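Comments concern the structure below.
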Amino acid sequence: MAACTARRALAVGSRWWSRSLTGARWPRPLCAAAGAGAFSPASTTTTRRHLSSRNRPEGKVLETVGVFEVPKQNGKYETGQLFLHSIFGYRGVVLFPWQARLYDRDVASAAPEKAENPAGHGSKEVKGKTHTYYQVLIDARDCPHIRSQTEAVTFLANHDDSRALYAIPGLDYVSHEDILPYTSTDQVPIQHELFERFLLYDQTKAPPFVARETLRAWQEKNHPWLELSDVHRETTENIRVTVIPFYMGMREAQNSHVYWWRYCIRLENLDSDVVQLRERHWRIFSLSGTLETVRGRGVVGREPVLSKEQPAFQYSSHVSLQASSGHMWGTFRFERPDGSHFDVRIPPFSLESNKDEKTPPSGLHW
């Protein structure tokens, strides 16, 4: 993957995007600081102006990299659609869509057509609603500025490999409403080692990037380990927690089967008050009958601050069970500026294995 060498120009992960684009005329020029991974919608009469952010490095200017399009309220974005992430601010390109079941505990539900109610959480049933997500590539120039792990998609290594996991850098899952589409005249507008392997420029198409056979083959080969099926969301005191679990496969260890999952978590502050994540508390139930409690400081070695300027943080982690299914739930403890604390619920989610699983891939399979 190309090195992430861009310098910071604007705080990424700010809700400034949605405020700036509300009621905007479309199309609008999309601008970036030269050599920086942050953007601003420019005036329709100018294609170049100085950054006004307090984080602006001296001498940095904005240069047009594309033109915003009207976001789609209905329908799906096509393979090859360029976009800006509305929360994390990075440039990306859509590879293909996923149809997921969104279990939103903030929405009151009647009799569910499909419901989840994991054991041990003692909470209400939640109706699942179909929601579109996209598999995307992240522009390498924006990696240093994203409050999200850019190696969040991982695979189990082969049985005879000494390494436990492989990661695919710059691969992400993005919800439909987080897509801010734009167009570009650049034939290689996204810097990622897989961009030209997966997509072919065709000026007669809209968008002008079409899937190569390598992308279709890769999607089919790795479908069981990439597929996004369930998304779980819950808000406590204006902190929204979204969880997406993925089954990774099974391995044999010391005459027993060990099942692996990865889970992606987004923390989002919906208020203007500054808060900081201090602790995590997990409960992990296995179908084998075991209940494990895990406590610790922060997440993935960090204690992120969520503010009005940078309201979101996203990370991935892994869990293994000696059973083919289980449940997880818990809380995050946050601290306010005055030193007081409050707990935010992590929505309960199921850990389910694929009954007809094949050997999980190692790294990229074509």
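For V65, indicate whether it is modelled with pLDDT of 50 or more, closer than 22 Å to V174 by Cβ, assigned to a strand (DSSP E or B) and open to solvent by 20 Å² or more (accessible area, probe 1.4 Å).
yes
Among the residues of segment 287-301, count how many are part of a strand (DSSP E or B), touching a residue at least 24 places away in the same chain (Cβ under 8 Å) and not β-branched (V, I, T).
Number satisfying all stated conditions: 1.
Taking interchain pairs and intrachain pairs at least six residues apart, which have beta carbon atoms under 7 angstrom, with the first residue in segment 337-360 and more than 16 Å from G298 (Cα to Cα) and the second at pLDDT 90 or above and part of a loop (DSSP other than H, G, I, E, B)?
Listed by first residue and then by second, the contacts come to P337/V274; P347/R105; S353/S324.
For the structure I just gave you, tell me whether S272 is more than 20 Å from the chain's Cα centre (by Cα), open to solvent by 40 Å² or more (accessible area, probe 1.4 Å), under 26 Å from H145 (Cβ atoms) and not charged (D, E, K, R).
For S272, the condition - more than 20 Å from the chain's Cα centre (by Cα), open to solvent by 40 Å² or more (accessible area, probe 1.4 Å), under 26 Å from H145 (Cβ atoms) and not charged (D, E, K, R) - is met.
Taking D273, is it of a type outside the set (F, W, Y) and over 29 Å from D139 (Cα atoms)? Steps first, please.
On the way: of a type outside the set (F, W, Y): yes; over 29 Å from D139 (Cα atoms): yes.
Answer is yes for this residue.
Which residue pairs have Cβ atoms under 8 Å apart, sit 6 or more places apart or on different chains, and have a first residue in segment 197-223 that is surrounded by 15 or more Cβ atoms within 10 Å (Cβ to Cβ) and a second that is assigned to a strand (DSSP E or B) and of a type in the set (G, A, S)?
That search, which allows pairs on different chains as well, returns F198/A211; L199/A211; L200/A211.
Taking the criterion of being at positive phi, over 16 Å from the mean Cα position of the chain (by Cα) and modelled with pLDDT under 95, would at least one residue in segment 233-251 satisfy it?
Scanning segment 233-251, I find at least one residue that is at positive phi, over 16 Å from the mean Cα position of the chain (by Cα) and modelled with pLDDT under 95, so the answer is yes.
Report the residue count in segment 280-311 for those that are open to solvent by 70 Å² or more (accessible area, probe 1.4 Å) and under 14 Å from R333 (Cα atoms).
Of the residues in that region, 3 qualify.
Looking at segment 256-274 only, could you name the residues that are at pLDDT below 95 and in contact with a Lys or Arg (Cβ under 6 Å, 6 or more places away or on another chain)?
V258, S272
Which one of these does Q73 not meet: (1) open to solvent by less than 60 Å² (accessible area, probe 1.4 Å); (2) of a type in the set (S, T, N, Q); (3) modelled with pLDDT under 95; (4) out of contact with any helix residue (DSSP H, G or I) (no Cβ under 9 Å at 6 or more places or on another chain)?
(1)
Of everything in segment 92-126 that's modelled with pLDDT under 50 and part of a strand (DSSP E or B), which residue is surrounded by the fewest Cβ atoms within 10 Å (Cβ to Cβ)?
A115
Residues checked against (1) over 16 Å from I244 (Cα atoms); (2) part of a loop (DSSP other than H, G, I, E, B):
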| position | (1), (2) |
| --- | --- |
| Q310 | yes, yes |
| Y315 | no, no |
| V319 | no, no |
| A323 | yes, yes |
| G326 | no, no |
| F332 | yes, no |
| P337 | yes, yes |
| D343 | yes, no |
| S350 | no, no |
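Can you tell me how many residues in segment 68-91 are within 24 Å of E309 (Cα to Cα) and part of a loop (DSSP other than H, G, I, E, B)?
Matching residues across segment 68-91 total 6.
State which residue is most open to solvent (accessible area, probe 1.4 Å) when the search covers only segment 225-265 and only residues that are β-branched (V, I, T) and more than 18 Å from I284 (Cβ to Cβ).
Checking each candidate, the answer is T235.
The values are calculated or read from the model by the stated rules, or taken from the named source; none is laboratory data. All values reported here derive from a predicted model rather than from experimental measurement. FYI the Cβ positions are ideal-geometry reconstructions off the backbone, even for glycines, and counts take in every protein chain you see. Keep in mind that these areas ignore ligands, DNA and RNA; they rest on the heavy atoms of the full protein, side chains included. Shrake-Rupley method; radii C 1.70, N 1.55, O 1.52, S 1.80 Å.
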